[in-house]
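Written out below as structure tokens is the structure these notes cover.
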Amino acid sequence: MVTDAQSDVNELRSNGQTMRRGQCVARRGSEVVSQVSRCTMNTLLVLAAVLLATPARGQDLSGAKTLSVVPQTEAQLKELIKLFDAGQYDFWREPRDMGMSVDIMATASQVQELTAALERSGLKPQVKVDDVAQMVMRQNSGVYSRGARSLDWEDYHDSYTVSRQPTRLDGFTCHASSLPCPQINRWMAQLASDHPDLCTLETVGKSYEGRPMNLLTVGKGGADKPGIFIDGGIHAREWISPATVTFLVNQLVTNSSAHDDLLSSVNFYFMPVINPDGYDYSFTDDRLWRKTRSEPASPGGCSGADANRNWDFHWMEAGTSNDSCVDNYGGSAPFSEVEMQVVRDQLTRLRNTTKVYLTFHSYGQKWMYPWGYTAALPEDWQDLDRLARDAVGALKAVHGTRYQVGSSTRTIYAASGGSDDWAKGVAGIKYCYTVELRDLGTHYFTLPPSLIIPSGQETFAALKVIANFVKKTYSD
Ligand code: 0X9
Ligand code: ZN
């Protein structure tokens, strides 16, 4: 239920227009085109061509700042939770407990009001990012720069150029083939055709907007071998996630002779971008977009749901909202988001052989296991904890990066409807982890491209520990 008070605070005034975060609205300056439906894709295309000329502008970030506060008292924590629940601000790190830092982004027009609200509660806001637009632009300078044909992990997407050639996808025109998702799909197809002995590529579904969703299986021991299922990109703005997952794929496949033993004993199932519409949208329109891109379920609502609140296990119980304009909106029903249905069906199909589920997010450097819906721990938590500690030990040995290990409720915050909880609680996969990749709050979601390879290298070291454990425990 959305209260009147909530509705009021969700109405943001900007440039004299009423805007709610995430509403199905495409804007440029004073233009507002609302409620774009599939049958008006051509209009969208024309608009997109204009929008794409200066990517990632969804919300006006000029003058936006990120403020951090650390609640010291119960009352301060309560105030922060109230502010979070109101949905007016973009919380990059939600309030969880006293002593734990909370990161909040405020647009230029909100900064004063937010600072005053925080100070009224006795909090001492620190400006962590003085100009979010600048930070995004700094990262972008390494994103759009080149015209290479393949991924090389020195930029987020090498061939994301400004050519903006639309392609047709199943009857409606809307995608530029140079966008990240088509590019990753092309790269995976090339890899699979170059290494047919190792790779099987299947299109296992389609996103809401029609993007193909692919599953790449890597292994040569046959379908009966134990498996590790790895996904990325469930939250659109967490770009280091798909970049790291594709790095892992590349290491395993193009350097396969070094991992011969593992590849004969373990199957790796990869889905690098499980929220493809949101991910592309974070390149074209709104760099800080988190949700899917499904159309609002009811008039006046906003686009998309938080894909990591949409799974049918203790759905809508904790750390989630039923206001579609809030970033952690759980969706109109469990599995309302088609992309999550697609991933669910693959996990279900592979559940008997899959021993580990890894889902990559950012930021915070945390290797977390269930539960996310409760502070209680699964009865086998010590097994999960041990393997996670081994993995982060190997990770740290590469570049010295420290990761925290623990249950997600105890480590970050309670949030139900996550894929990790479902994979353990419903699919019965024993070792389920949500990994918050780099960093600790310097670059937040805009991790510089120069850190993709270091992130990939250390994460690969952790993956090898896990894969060796799976081989030893389930295959030898
Ligand atoms: O809130 C999330 O979905 C994850 N953090 S993020 O900052 N990347 O958004 C944490 C999810 C942990 N798992 C569960 N709560 N089930
Ligand atoms: Zn995330």
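The values are calculated or read from the model by the stated rules, or taken from the named source; none is laboratory data. Computed from a prediction, not measured in an experiment: that's the story for all the values here. With ideal geometry, Cβ positions are generated from the backbone for all residues, glycine too; neighbour counts draw on all protein chains shown. Note: areas computed on protein heavy atoms with side chains; ligands, DNA, RNA excluded. Shrake-Rupley method; radii C 1.70, N 1.55, O 1.52, S 1.80 Å.
How high is the FRET efficiency from ASN255 to ASN322, r the C-beta distance, R0 56 Å, rounded to 0.05? It would help to have the intermediate numbers written out before the result.
Details: r = 47 Å, r/R0 = 0.83.
Efficiency for this residue pair is about 0.75.
Sort 409-419, 439-449 for me by packing, meaning the mean count of neighbouring Cβ atoms within 10 Å per residue, highest on top.
Values: 409-419: 23.1, 439-449: 19.4.
With the highest mean Cβ count within 10 Å placed first, the list reads 409-419, 439-449.
If ASP306, ASP380 are ordered by their accessible area, calculated over protein heavy atoms with a 1.4 Å probe, which sequence runs from highest to lowest?
Working: ASP306 0, ASP380 25 Å².
Accessible-area ranking of ASP306, ASP380, largest first: ASP380, ASP306.
Could you order peptides 68-78, 236-246, 180-190, 271-281 by the average number of other Cβ atoms within 10 Å of their residues, highest first? Intermediate results must be reported in sequence, preceding the final value.
Numbers: 68-78: 15.8, 236-246: 27.4, 180-190: 20.0, 271-281: 28.9.
Ranking, from highest mean packing down: 271-281, 236-246, 180-190, 68-78.
Please work out the Kirkwood hydrodynamic radius for region 335-391, using every pair of different C-alpha atoms, and report it in angstroms with one decimal place.
Numbers: mean 1/r = 0.0735 Å⁻¹.
Evaluated on region 335-391, it is 13.6 Å.
Just how far, in whole angstrom, is region 259-291 from region 331-402 if you go by their alpha carbon centroids?
Using only Cα atoms to place each centre, the spacing works out to 14 Å.
Output the peptides 221-227, 103-109 sorted from most to least packed, where packing is the average of other Cβ atoms within 10 Å over each peptide's residues.
Ranked by mean Cβ neighbours within 10 Å, highest first: 103-109, 221-227.
If you filter region 306-409 for GluC sites (Glu not before Pro), then keep DSSP loop positions with at most 10 other Cβ within 10 Å, what is left?
Filter output for region 306-409: GLU379.
Sort largest first and round to whole Å: the equivalent ellipsoid semi-axes of region 322-476, each the square root of five times a Cα gyration tensor eigenvalue. Intermediate results must be reported in sequence, preceding the final value.
Details: eigenvalues 116, 92, 45 Å².
The answer is 24, 21, 15 Å, longest axis first.
Considering only Cα-Cα distances, which of the following residue pairs are longer than 21 Å: LYS128/LYS291; LYS65/LYS366; LYS366/LYS464?
Details: LYS128/LYS291 24 Å; LYS65/LYS366 25 Å; LYS366/LYS464 18 Å.
LYS128/LYS291; LYS65/LYS366, as the Cα separations exceed 21 Å there.
Would you mind telling me the share, in percent, of accessible area of region 256-343 contributed by carbon and sulfur at probe 1.4 angstrom? Kindly include the intermediate steps, with their values, before the conclusion.
Numbers: 970 of 2170 Å².
Answer for region 256-343: carbon and sulfur cover 44 percent of the accessible area.
Straight-line reach from LYS396: which aspartates and glutamates fall under 13 Å, measuring Cα to Cα and dropping same-chain residues less than 8 apart?
GLU458
May I ask you to compute the full-extension gain from ASP60 to ARG138, defined as 0.36 nm times their residue separation minus their alpha-carbon distance, rounded to one decimal in nm?
On the way: separation 78, 0.36 × 78 = 28.08 nm, distance 1.62 nm.
Gain in length upon complete extension: 26.5 nm.
State the Kirkwood hydrodynamic radius of region 215-328 in Å, one decimal place, computed from all pairs of distinct Cα atoms. Write down the numbers at each step before the final one.
Details: mean 1/r = 0.0627 Å⁻¹.
Computed over region 215-328, the radius equals 16.0 Å.
Contact order normalised by length for region 272-323, with contacts defined as Cα pairs under 8 Å and 6 or more residues apart; what percent is it? Don't skip to the answer; put the middle values down first.
Details: 42 pairs, mean separation 11.5, N = 52.
So the answer I get is 22 percent.
Give me the accessible area of ARG349, 1.4 Å probe, in Å² rounded to the nearest 10.
Estimated to the nearest 10 Å², ARG349 gives 130 Å².
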